[in-house]
1. When you go through (1) surrounded by 10 or more Cβ atoms within 10 Å (Cβ to Cβ); (2) without any contact (Cβ under 8 Å) to a residue 40 or more places away in the chain one by one for Glu37, which number turns out not to apply?
2. Mind counting the residues in the stretch 44-69 that are assigned to a loop (DSSP other than H, G, I, E, B), modelled with pLDDT of 90 or more and closer than 20 Å to Gly24 by Cα?
3. Answer with yes or no whether Glu21 is in contact (Cβ under 8 Å) with a residue 60 or more places away in the chain, under 19 Å from Leu140 (Cβ atoms) and not aliphatic (A, V, I, L, M).
4. (1) part of a loop (DSSP other than H, G, I, E, B); (2) surrounded by 12 or more Cβ atoms within 10 Å (Cβ to Cβ): which one isn't true of Glu75, the others all being true?
5. Can you name every residue in the stretch 78-101 that is over 11 Å from Leu18 (Cα atoms), among the aliphatic types (A, V, I, L, M) and surrounded by 21 or more Cβ atoms within 10 Å (Cβ to Cβ)?
6. Working only within the stretch 119-150, note down all residues that are modelled with pLDDT under 85, of a type outside the set (Gly, Ala, Ser) and out of contact with any strand residue (DSSP E or B) (no Cβ under 8 Å at 6 or more places or on another chain).
7. What about Leu65, is it out of contact with any Lys or Arg (no Cβ under 7 Å at 6 or more places or on another chain) and of a type outside the set (Gly, Ala, Ser)?
Amino acid sequence: MDENAVSVENKQYIVVKLDDEQFGIEIGYVDNIVRMENPTRVPKAQPYFLGVINLRGEIVPVMSLRLKFEMDMKEPTSATRIIIIKTEQNAKLGIVVDEVREVVTLSEEDVEKNAFDSSKEEPSSLTGVGKYGETLISLLNIASLLNDIDSD
């Protein structure tokens, strides 16, 4: 391979929906996708944490992306899923989404990273916006979401 060639990195994202908005989760973070179940509430947790579930003997905290993003809560449907995210430390976090859509591949050229104001002290929940055909997909900053469980 030519050393001067510019390599364009492609990444795969699972596209999920909250209302009419689409969000992308980098596929490397996704451990599992499970049907919605009622989490056991944990006292004094952040309001966007719904509680914990028992996933094959492992206790997993579950976060509502709707509440995290200050959207109205709505009743789960047959399409509601919990995306199980795995961290580098092998901890897991469940993220409730309205629907899982598809897996898409985006190149670096398809992602606009400067779409958000990075002057805030708190890291953004989004890393950028991906362009997939005519569709815009807000790309979730999983590290930022995982910091929420570490800081509670």
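1. (2)
2. Adding up the residues that qualify gives 1.
3. When the stated conditions are applied, Glu21 passes them.
4. For Glu75, the exception is condition (2).
5. If the condition is that a residue be over 11 Å from Leu18 (Cα atoms), among the aliphatic types (A, V, I, L, M) and surrounded by 21 or more Cβ atoms within 10 Å (Cβ to Cβ), then Ile82, Ile83, Ile85, Leu93, Ile95 are the ones that fit.
6. Lys120, Glu121, Glu122, Pro123, Asn147, Asp150
7. Criteria met by Leu65.
So that you can scan it fast, the table gives a plain yes or no per residue for (1) in contact with a Pro (Cβ under 8 Å, 6 or more places away or on another chain); (2) of a type outside the set (S, T, N, Q); (3) within 25 Å of Asn147 (Cβ to Cβ); (4) modelled with pLDDT of 90 or more:
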site	(1), (2), (3), (4)
Ala91	no, yes, yes, no
Glu99	no, yes, no, yes
Glu109	no, yes, no, yes
Asn114	no, no, yes, no
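The values are calculated or read from the model by the stated rules, or taken from the named source; none is laboratory data. Fair warning: this is a prediction, and the values are worked out from it, not measured in the lab. A quick note on method: Cβ atoms are made from the backbone with ideal geometry, for glycine too, and the neighbour counts reach across all protein chains shown.
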